[in-house]
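Step one of this worksheet: look at the structure below.
The values are calculated or read from the model by the stated rules, or taken from the named source; none is laboratory data. Keep in mind that this is a model prediction, so the values were computed, not measured. Counting neighbours? That spans all protein chains shown, and the Cβs are built from the backbone with ideal geometry, glycine included.
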Amino acid sequence: PVTTSFYDEKENWRPGHIALADDADLLLIAPATAHVIAELAHGLANHPLTAIALATRAPILIAPAMNGKMWEHAATQENVEKLKTRGVEFIGPEAGMLACGYEGVGRLWKVDDIAFRAEFLLRQHDRLIA
C-alpha cells in the first residue's frame, strides 16, 4: 500500500497511516536519508512515513543511503545507535561510488541483499506469507 497524505483515510474512523501501521508485517525504509533517520530517532511524525514508523509494532528495517560525511557524522551515528537500542534493524550502507560523485561509505546496500534481509526478518517473526 502507498500513502502520501495524512488524509488518505480508507474509513472515516481510522486514519490511513494508522491502518498501514497496524497492518504492516515489516516496515522497510529504503533508501533512508540522514533526515529520515533523525526524525525516527527523535520520534517525529510530521509526515506519513514517520507516523507509520511511530505507530507500527512491526519490525523496522532501514537501509541508509547518503553522502559518506553525513553517514559518519556523530549526530547520524547517535541517531542510528538510538534506533538500534529500540530494536530497529539496519542494513548498510556500503562503500563505493556515491550519487554525489564522492567515493566512500554511504551507498545503498544491494537491493537483492535488502530483500533477503527483509525476508529473513519476516520469517524470524513468523510473518512471511507463503
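Taking residues in the stretch 1-28 that are small (Gly, Ala, Ser), and partners anywhere that are at pLDDT 90 or above and part of a helix (DSSP H, G or I), the pairs with Cβ atoms closer than 7 Å and at least 6 places apart or on different chains are Ser5/Pro48; Ala21/Ile52; Ala21/Ala55. Scanning the stretch 117-127 for residues that are outside any loop (DSSP other than H, G, I, E, B) and either of a type in the set (Asp, Glu) or surrounded by fewer than 13 Cβ atoms within 10 Å (Cβ to Cβ) (or both) yields Glu119, Arg123, Gln124.
Here Glu39 fulfils each of the conditions (1) more than 22 Å from Ala118 (Cβ to Cβ); (2) touching a helix residue (DSSP H, G or I) at 6+ places or on another chain (Cβ under 9 Å) apart from (1). On inspection, Ala51 passes the criterion of being under 24 Å from Thr3 (Cβ atoms), in contact with a helix residue (DSSP H, G or I) (Cβ under 6 Å, 6 or more places away or on another chain), among the hydrophobic types (A, V, I, L, M, F, W, C) and free of Cβ contacts under 8 Å to residues at least 60 places away in the same chain. Screening Glu78, Glu72, Glu89 for residues that are touching a residue at least 24 places away in the same chain (Cβ under 8 Å) and either touching a Lys or Arg at 6+ places or on another chain (Cβ under 8 Å) or of a type in the set (Gly, Ala, Ser) (or both) leaves exactly one candidate, Glu89.
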